[in-house]
Each structure stands twice: as structure tokens, then as C-alpha cells.
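The values are calculated or read from the model by the stated rules, or taken from the named source; none is laboratory data. What you see is a predicted model, and the numbers here were worked out from it, not measured in a lab. Neighbour counts are summed over all protein chains in view; Cβ atoms, including those assigned to glycine, are modelled from backbone coordinates with ideal geometry. Ligands, DNA and RNA are stripped out before the accessible areas are found, and what is left, the full protein with its side chains, is counted by its heavy atoms. Shrake-Rupley method; radii C 1.70, N 1.55, O 1.52, S 1.80 Å.
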Amino acid sequence: MTVVPWLADWNRRHTFGPGYGPHARWHGTSEVVGVSCSGLVMLWLIIRGVRRDRRMATAVAALLPLLRYGPFNATLVIPGTSPDEEGGPPIRLLGPPASLLTQDALIALALGGYWLERRAEPRRVLLTETR
């Protein structure tokens, strides 16, 4: 979430495209910066986090991608919206739009990491109790 928005959106096909007016560029810029800041918060929570409540820090870090990118899937049912960029052929990976597939993969990775962290937690507690 910290690097990919700069690669995917900060270019002439998206934020600086000829079809984007000043207000659309404003939205594009705020999106890239906002998502990058969320990614930095996630990293801080995972690396540093709240030592007393590691479970809460991990849960919040895992939920940020879901809260940020999950609504893009809801837009598929809104008439007149499209995940495809204007002015070019749709970019698709394995059928779905590439943007949605990468965002959903990020959500899945975050939730998978949270699940792994939760599974490892009883072992970690057990190890510290036996020492």
C-alpha cells in the first residue's frame, strides 16, 4: 500500500492523463498520498505496534487494506461505474480487472497474515511460559 499506488496511479494514464481535470488530479493525488500513509501506519503497527496488545495492533493492520480497497468491489454493482481506465483497452489478469485483482490480493495477504499471526500466538505464549 505504500509503493504500488505511486507506480499504478502516479502517471500519464491515470492521475496525469489528458482526460483528468484539475479536480480529478486532486482526488488522484489525495488517494496516492492517503493510501501510502495507510501503508506506513500498517508497517508501524506490525513492526513496532503496541507491545501490550499485539493482537489489536495486528488486527488493525490487517483491516486497513480491507477498509481501503474492499469498497472498490462494491462499485461493480453501481450503474455507470467501471474499473477500466478510459482511453485504452481494459487491463485484465485472469479475467477480472487488474486493479481489482491486485487490491483483492492485498486484502487476502493481509487477512492471511493476520490468520497466521493468530495461529502462532498460542505457541508464543506457551514458549514464554515454559522459560
Failed condition for ALA8, given (1) closer than 22 Å to TYR114 by Cβ; (2) assigned to a helix (DSSP H, G or I); (3) at pLDDT below 85, with all others met?
(1)
The condition from (1) in a helix (DSSP H, G or I); (2) surrounded by 13 or more Cβ atoms within 10 Å (Cβ to Cβ); (3) in contact (Cβ under 8 Å) with a residue 12 or more places away in the chain that LEU40 misses is numbered (2)
Name the single residue that is farthest from the chain's Cα centre (by Cα) among those in the range 77-105 being part of a helix (DSSP H, G or I) and at pLDDT 85 or above.
VAL77
How many residues are out of contact with any helix residue (DSSP H, G or I) (no Cβ under 9 Å at 6 or more places or on another chain), open to solvent by 80 Å² or more (accessible area, probe 1.4 Å) and within 23 Å of ARG13 (Cβ to Cβ) if we restrict to the range 64-86?
3
Whether any residue in the range 46-63 is open to solvent by less than 40 Å² (accessible area, probe 1.4 Å), closer than 26 Å to ARG119 by Cα and touching a Pro at 6+ places or on another chain (Cβ under 8 Å) is what I want to check.
no
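What do you reckon, is VAL35 buried (at least 16 other Cβ atoms within 10 Å of the Cβ), closer than 13 Å to GLN103 by Cα and among the aliphatic types (A, V, I, L, M)?
When the stated conditions are applied, VAL35 passes them.
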Contact list please: Cβ distance under 9 Å, first residue in the range 1-29 and in contact (Cβ under 8 Å) with a residue 60 or more places away in the chain, second residue open to solvent by 90 Å² or more (accessible area, probe 1.4 Å) and among the acidic types (Asp, Glu), pairs at least six apart or on different chains.
GLY17/GLU86; GLY19/GLU86
Can you tell me how many residues within the range 14-31 are more than 19 Å from LEU106 (Cα to Cα) and crowded, with 16+ Cβ neighbours inside 10 Å?
5
